[in-house]
Each structure stands twice: as structure tokens, then as C-alpha cells.
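Asks: Dropping the structure in here first, questions after.
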Amino acid sequence: MAQPQLPPMKNWRFELDFEGTGWLTIDTPKAPVNTLSREAIGELETLVLRFEDLFAEGVLQGVVLLSGKDSGFIAGADVSEFDAMSDLSVLPGALKRTHALFDRIENARFPYVACIHGFCLGGGLELALACHWRVAVNADSTRIGFPEMNLGIFPGFGGTGRSIRQAGPVDAMQAMLTAKMLKPGAARGMGLVDKLVRHRDSLRWEGRKAVLQKRKSGVAPWTKRVMAMGPLRDYVANKMKKEVAKKAQRAHYPAPYALIELFEKHGDDPKAMSAGEIDAFVPLLSSETATNLRRVFFLSEGLKKQGLRGTEKPVFRRVHVIGAGVMGGDIAAWCALRGMGVTLQDLDMERIKPALDRAKSLFKKRLRKSVEVQSAIARLEADPQGKGLARADVVIEAVVENLEIKRKIFLDVEKQVRPNAIIATNTSSIELERIAEGLVNPSRLIGLHFFNPVAQLPLVEVIRSRFSTDLDIARGASFALAIGKSPVAVKSAPGFLVNRVLMPYMLGAVQLVEAGQSKEQIDAAAVAFGMPMGPIELMDTVGLDVGRSVALELGHAVPENSKFAMLVSEKKLGRKTGEGFYKWEKGKAIKGEVPEHKDLAGFGRELVKPLVDATVLAVNEGVVASEDLADIGVIFGTGFAPFLGGPMHARKTGKA
């Protein structure tokens, strides 16, 4: 069939079939994912105008949007353009132009159908919501959502109002405020997607049917829409503000508060809410918070390049973990959750069983289908005899921080393990060179240091000894990436990076408590500065015995007559025993009143200064290769305030 004349396009391909269905495929050049760059939006604008002409001529019946990439539909706007776009002389006009384009698609006299597989996020979801019908593949790889809050902004292409129109105010606002990526079933249940198909191959057939039948999505039912009407909207908005306030301060993260205020003004009118986005969005994109969160985003994306790629990328199927304590058991559970076959070794089943029970709880929490839970349970095998060692691709030791025990384990491991297997220790502070003494090939030992809780903290320190090769470290980073973690390569030195910078901060706070200062005030000050929790609560969470062990390993004094040492001797080790500096109930610290302080955030800055100073020393001594790696490592490993861009960056900008 003769194809209509179109100007050359870099990001889009178009084909018209004999039935009048137009197949529009986005395929961002030289990129692993599709993004809506300014160029792509400009090209789409040209195409939409041409489609209107083709419809008027009786040639076109409707348009189906597809992705030419296996990774997914559209991952969002092009974040690399945000710095330039934050120019106040550029951004309002660009937003108005995109709003007008998406309105044009929505108001077209012929149907637009979005066919979704893989990632459909941010601006990609906003484009899909401007279409008249949405079809998605019901697969685990399909993820739909608004991640903009992670970048200090909210949807800016009309997605606020359109999501409320489709999903109702409560579900839509929760999706935007939490930045959660939804599975296809959840998106369908909310009304963000109209139809699910089992396979990607079925998308074209469903897209064709939707065009020929002129399908159009309905709006959220009245029972949902009513929550945005009259006094109910004020109630919903106030409840949202209270929930947000528990997790983020307005001064640190203004975007969620700005979104709720936009909802308070226009929540009962989706079109007015979308139109009101522009004025609220513009100051957010250029804010210091958004600028720093973009920095964190790019640093995080850079970690994905730490591993091997292409034909050199290793395949990991089996993991053997030695030590079924909290760390070892949770590392084993996480690997099984991520699809690995795992054998977990300890002295006997009595020691292994608690880890299996925790793993089962994790699987039930993270996996919704019973068959998925059972599959994960089957992948995690108790192995007190260590039979899985010989067939493992990765061996991770996670026993107590005792040098002699670790040495003995690795002497045995080296004799049994496969020649190409990764041999790793989860030590939190002991230099690898000391552990590797006596090994025939000490270069094989690397560190893979996970952080507690394993299921929540993304960082894995990949430890390099003086014996290690670049290939050894790259393979370790590849494994971390394979299980969904973020690897940062660090030098084998006491405490590595994270524990080295954390310990002066935590011990400094402990010393203040020893001197009689309120632990509640200390923790509140750190949170006021921007830390996710205070140093005393963190010490309780880590475990006072672990904290004391790491402190001594790093050469810090823990006087025997100190409250810290006495709590350890009394087995009051923090959250895991129910009491430490705080008493704990149901996993939460029981805190008293916080004494008043004239400048709580300023006090918090003083508390955090030892952490910042230690990070500077770590960079100067080559523990990490760059300030950027130090920043992302400390953010991911300690929770250091992301809105400040990392300790090194915050120091440069005078914020820490």
C-alpha cells in the first residue's frame, strides 16, 4: 500500500495499513529505552497535524502507538534535558506546547490507542493517558507509574488531571505521591489501563480492534470521583499532607506538598488541574532539591555501568551463602527472591530455620501470587553439609566478624569451589588481605558488603584488595546488578566506605548521650537536617554489638564503663533484642518528648559533620575512585539526605 508522505523522523516510524490503521512506533535512536525528548515531542507534533489531514481525507481510521524497543514503551521525559529546560525563559513555553499537543491527541475525532509493554513511566504514561484506549501486556516486566517525585517534581504534561479522571483522586494521588511502579493488574484495576493481554505479540491485534471499534476509555466511577468533591476533598488533602509529613519535610521536598495544594484547588476538575500544573511545576524543576535529585539519578544510573556487558556479561544461577544469621539469611532470601537458586549453610538446621522463616515472610510480602511464593521458597534450600558449595556460581561468607573463623572458612571454600566461581566475604570492616592469608590464590577473594536491612538498602560495596584484578571487581559488580543492587567499588581499608564514615557520626552522638544529652533531641536534630533516622536509633537498628565490633575494628575507643559497653554486656543490643538505647515494641523505638532547641536543623548539621569529614578523608585516601562515587555510596549506604546531592556535594555548596 502507498504510504503517506511524511518529513524525515529520528524518533518515530509510521506505517498505514490497508484498513486505515496507522502504526506509529517510537524508537529513540542510540538509546536502550525510549524517552520523550524535545526533539521527539516536536516530531510527534508534526505527525499529529498530518494525521488530522489524513483522517479528513478519509485515509486514516485511527493510530496505534507502539514501542520499537524490547525494554518497554516510554521511560518518561529525557532527564538529561532537565537542566537546560529549567531555564524560566524556556520551560513555561515548552510545557504549554506539550500540553497543547496532548490535548490535541485527546480531542482528536479518531482514536489513539497506546499499546504498552515493559516500562511506561512519567511522560510516557502521560502520553498514554492522552490516548483514548490503553492496552498493556500482563507480564512481570510491565511497570506503569509516575516516578517524578524521585526527581523532585510531579507530572507536568497533563498527567495529574488525566490520572485523576481515570483512576479517581485517591488512587491517582497515591500513585503520584509515592512514585510506585504499578504492576499491570494493579494499573488495570485503577483504570489507568483498559485491557490486558498475555503476550506482546497480541498488542497489534488488540490495537487494531480498538481502532476499528473506536473504543474509548470511561472515567472513574462516581464512587471514586466523589472523594474530590466539596468537603471530602479537604479531608483527603489533609490526610495526604499528614502522611507526607511523616516522610518528608516541605523545606527538603516541596513537590508532594505542591501537588496536594494543586489538588486542593482543582481536584474536582481534572482539566483545570492539568492546566494548573504549569504554574506549579515551573519553580519545582529549577529548585535546588530537584537539581540535586537529578544529580543523584545520574549517579545511580552510572552505577549500572560498573558491571560487564555484552558477551562478557556473566550469567549467575546458583548462590551458596555460608552463615544463616541476620545478614547471611537475608542475603540468601534476597538472592532467591531475585530468581537465583540458593543454598544456605550453617552448623545445623536449628540455626538455619529462623532464616528460612524470615525468607518466607519476605516472599509473601513481595510476591503476590501463591505460585510465585512457593517457587521462591523452593529456590532457597537449607544446606548444613555445604553440598551446594561445589556447584555455586557465587559463594558469599556472612558469618560473625571473627578473622580466624573467616580464614578457616575460605581455606575450605577454595578447595571445593568451581574455578570460575566468585568467592566473596560480607565482612563489614576487616581488610580482605588479612582474610585472604593462606589462600593459594588470594586474588579470587573479593568483598560483597550488603547493608541491613538487605531487602531495603540498595547498596553493595564491592571490595577490592591489593590482589584483585579489574575483572574480579567487574564480575562482583555484575552479580550485584543481577540481583537488583547498586554496586560501588571501594578499596580494602578499615571500614571500607560506609562504615568508615558512619562510625564517627554514630559514636559522636553516643558520646553526647553519655554526657547526658537527650537521645530524642539528637535523633530529631539529625532528621531535621535531612537524615532518614537519627544516629542513636540507627545504632539500635544496626545492633549495639555490631556497632561496638566495628568501632573497635576501626580503632575507636569504647570504654568499658560507658553506657554503650554496659548495654552490650547486658545483651541489650537494640531492636533485635527489644532494648538498647531505646526500648523497642513491634519493631519501633519508644521515644520520649523532644526537648526544645532553638535551631534543631543547625544542631543536626553539627552532628553530621563527622560523617562529611570522614567522607572527605576517604576520597583523599583513594578508598573510592571519585567524589561522585563517594556521594552515591554514602546516600545509598547511610541514607544521607538525597536532596543535598551527597556529602561531598553538600560540603561544596555550603549545606553540610
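Asks: Of (1) farther than 27 Å from Leu151 by Cβ; (2) outside any strand (DSSP E or B); (3) in contact (Cβ under 8 Å) with a residue 60 or more places away in the chain; (4) open to solvent by less than 30 Å² (accessible area, probe 1.4 Å), Trp23 satisfies all except one. Which?
Replies: (2)
Asks: Just to be sure before I move on: is Gln174 of a type in the set (S, T, N, Q) and either open to solvent by less than 50 Å² (accessible area, probe 1.4 Å) or part of a strand (DSSP E or B) (or both) in the structure I sent?
Replies: No; evaluated as a whole, the condition is false for this residue.
Asks: For the stretch 191-232, enumerate the residues that are assigned to a helix (DSSP H, G or I), among the charged types (D, E, K, R) and open to solvent by 30 Å² or more (accessible area, probe 1.4 Å).
Replies: Arg200, Asp201, Arg204, Arg208, Lys209, Lys224, Arg225
Asks: Here's a follow-up. Would you check which residues across the stretch 147-163 are closer than 15 Å to Thr98 by Cα and open to solvent by 20 Å² or more (accessible area, probe 1.4 Å) and list them?
Replies: Result: Phe157, single match.
Asks: Would you please name the residue that is least open to solvent (accessible area, probe 1.4 Å), looking only at residues in the stretch 386-410 that are within 19 Å of Arg318 (Cα to Cα) and among the basic types (Lys, Arg)?
Replies: Arg391
Asks: Working carefully through the options Ala650, Ala625, find the one that is under 24 Å from the mean Cα position of the chain (by Cα), surrounded by fewer than 17 Cβ atoms within 10 Å (Cβ to Cβ) and of a type in the set (Gly, Ala, Ser).
Replies: Ala625
Asks: Out of Ala551, Ala557, Ala524, I need the residue that is over 18 Å from Ala614 (Cβ atoms) and either touching a Cys at 6+ places or on another chain (Cβ under 8 Å) or not β-branched (Val, Ile, Thr) (or both). Which one?
Replies: Going through Ala551, Ala557, Ala524 in turn, the sole match is Ala524.
Asks: One residue is enough: does the stretch 171-189 have a residue meeting the conditions over 22 Å from the mean Cα position of the chain (by Cα), under 29 Å from Leu95 (Cα atoms) and of a type in the set (A, V, I, L, M)?
Replies: no
Asks: Exactly one condition in (1) in contact with a Pro (Cβ under 8 Å, 6 or more places away or on another chain); (2) in contact (Cβ under 8 Å) with a residue 60 or more places away in the chain; (3) of a type outside the set (A, V, I, L, M, F, W, C) is false for His117; which is it?
Replies: Unmet condition: (1).
Asks: Name the single residue that is surrounded by the most Cβ atoms within 10 Å (Cβ to Cβ) among those in the stretch 5-20 being in contact with a Lys or Arg (Cβ under 9 Å, 6 or more places away or on another chain) and within 22 Å of Lys209 (Cα to Cα).
Replies: Among those residues, the one meeting the criterion is Phe14.
Asks: Pull up the stretch 411-426, narrow it to residues that are more than 27 Å from Val498 (Cα to Cα) and not in a loop (DSSP other than H, G, I, E, B), then point me to the one that is least open to solvent (accessible area, probe 1.4 Å).
Replies: Val413
Asks: Filter the stretch 572-592 for residues that are in a loop (DSSP other than H, G, I, E, B), modelled with pLDDT under 95 and open to solvent by 70 Å² or more (accessible area, probe 1.4 Å) and give the result.
Replies: Once the filter is applied, which keeps residues that are in a loop (DSSP other than H, G, I, E, B), modelled with pLDDT under 95 and open to solvent by 70 Å² or more (accessible area, probe 1.4 Å), the stretch 572-592 yields only Lys586.
Asks: Under 6 Å by Cβ, and 6 or more places apart or on different chains, what pairs join a residue from the stretch 550-562 that is over 16 Å from Val501 (Cα atoms) with one that is surrounded by 13 or more Cβ atoms within 10 Å (Cβ to Cβ) and small (Gly, Ala, Ser)?
Replies: Val558/Ala551; Val558/Ala565
Asks: Within the stretch 70-84, does at least one residue satisfy the condition of being over 25 Å from Arg368 (Cα atoms) and among the hydroxyl-bearing types (Ser, Thr, Tyr)?
Replies: yes
Asks: What is the one condition in (1) in contact with a helix residue (DSSP H, G or I) (Cβ under 7 Å, 6 or more places away or on another chain); (2) among the aliphatic types (A, V, I, L, M); (3) more than 21 Å from Asn452 (Cβ to Cβ); (4) not in a loop (DSSP other than H, G, I, E, B) that Met566 does not satisfy?
Replies: Here Met566 meets the rest and fails (1).
Asks: For the stretch 180-190, which residues satisfy the criterion of being small (Gly, Ala, Ser) and open to solvent by 10 Å² or more (accessible area, probe 1.4 Å)?
Replies: Hits for the stretch 180-190 are Gly185, Ala186, Gly189.
Asks: Taking the stretch 39-70 as the region of interest, how many residues are of a type in the set (S, T, N, Q) and within 22 Å of Trp205 (Cβ to Cβ)?
Replies: The qualifying residues number 2.
For every residue, the table says whether it meets (1) farther than 21 Å from Glu126 by Cα; (2) open to solvent by 60 Å² or more (accessible area, probe 1.4 Å); (3) at pLDDT below 95; (4) under 22 Å from the mean Cα position of the chain (by Cα).
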| residue | (1), (2), (3), (4) |
| --- | --- |
| Lys239 | yes, yes, no, no |
| Leu284 | no, no, no, yes |
| Lys313 | yes, yes, yes, no |
| Val321 | yes, no, no, no |
| Trp334 | yes, no, no, yes |
| Val342 | yes, no, no, no |
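The values are calculated or read from the model by the stated rules, or taken from the named source; none is laboratory data. All of these numbers come straight from a predicted model, not from anything done at the bench. Note that each Cβ is placed from the backbone with ideal geometry, even for glycine, and that neighbours are counted across all protein chains shown. Ligands, DNA and RNA are stripped out before the accessible areas are found, and what is left, the full protein with its side chains, is counted by its heavy atoms. Shrake-Rupley method; radii C 1.70, N 1.55, O 1.52, S 1.80 Å.
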